[in-house]
Amino acid sequence: MRKLYVIGLGSGNPDHMTVQAIKALNDVDVFFLIDKGPAASELAAAREEICRRFIENPGYRIVRVRDPERDRQSAGYKHAVDEWHRARAAAFESVIRDELGSDEHGAFLVWGDPTIYDSTIRILQHVLARGTVEF
């Protein structure tokens with residue numbers, strides 16, 4: 001069965017990576033890199049540098065996932081974020097289904113502690129609830 005990790009990268013400085021995160025990096029076949037466009041290209045480059053520096057398996061792949069735009073003009077902030085998360089769940093579902101083999105391990109790389117600072121776990125729970133892809 002597919003396995004997914006959400007790996008916290010701390011502050012993004014490669015010197016601050018935990019041993020636990022490095023071990024998880026080395027158990028991954030496919031990294032899903034959220035592409036937020038040119039304005040965030042440095043963040044993508046930092047994630048790629050962490051992969052190059054710590055992953056010993058030369059066969060890993062990076063799959064870019066276009067991050068849907070969030071409506072920043074909406075009067076209803078919560079509604080706009082909910083819609084954005086639904087769009088992200090659909091994008092994540094698509095790449096997990098299409099790019100991650102049934103016995104492969106995939107990962108999303110996030111800044112900080114993913115249980116506190118990031119919505120990736122919550123979005124992946126939405127993907128599971130949709131019932132169209134298993135992991």
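The values are calculated or read from the model by the stated rules, or taken from the named source; none is laboratory data. All values reported here derive from a predicted model rather than from experimental measurement. All Cβ positions, glycine included, derive from the backbone under ideal geometry; neighbour counts span all protein chains shown. Calculation scope for accessible area: heavy atoms of the full protein, side chains included, ligands and nucleic acids excluded. Shrake-Rupley method; radii C 1.70, N 1.55, O 1.52, S 1.80 Å.
A few points about this structure:
- C-alpha long axis of helix 41-54 to longest principal axis of the chain, angle in °: 30
- Per-residue ellipticity at 222 nm computed for the chain from its helices equals -13000 deg cm²/dmol, with DSSP H segments shorter than 4 residues left out and the rest contributing -39,500 (n - 2.57).
- Acute angle (nearest 10 degrees) that the helix 120-130 long axis makes with the longest principal axis of the chain, alpha-carbon atoms: 70
- Label zone at residue 117 (point 7 Å along Cα-to-Cβ), backbone N below 20 Å, region 1-35: 5-25, 32-35
- Residues in region 27-135 average 59 Å² of solvent-accessible surface per residue, probe 1.4 Å, ligands and nucleic acids excluded.
- Within the chain, percent of DSSP bridges classed antiparallel, to nearest 5: 5
- The chain: relative contact order as a whole-number percent, Cα under 8 Å and 6+ apart: 41
- For region 31-135, size of Cβ-based charge dipole, Lys and Arg +1, Asp and Glu -1, in debye: 260
- Whole-percent carbon and sulfur share, accessible surface of the chain, 1.4 Å: 49
- Spacing of the two label points (7 Å from each Cα toward its C-beta) at residue 103 and residue 134, in nm: 1.5
- Of the peptides 76-84, 51-59, 31-39, the ranking by mean beta-carbon count within 10 Å, highest at the top, reads 31-39, 76-84, 51-59.
- For the chain, the alpha-carbon radius of gyration amounts to 1.05 times the rule-of-thumb value 2.2 N^0.38 Å expected for a compact globular protein.
- Given charges at Cβ of Lys, Arg, Asp, Glu: the chain dipole, positive-most of 79, 54, 11: 79
- Cα-based helix-to-principal-axis angle, 77-99 vs the chain, degrees rounded to 10: 40
- Mean Cβ count within 10 Å, highest first, over the residues of peptides 116-127, 62-73: 116-127, 62-73
- Label-point gap, in nm, between residue 27 and residue 41 - each point 7 angstrom along Cα→Cβ: 3.5
- Distance in nm between pseudo-label sites at residue 60 and residue 125 (7 Å out along the Cβ direction from Cα): 2.7
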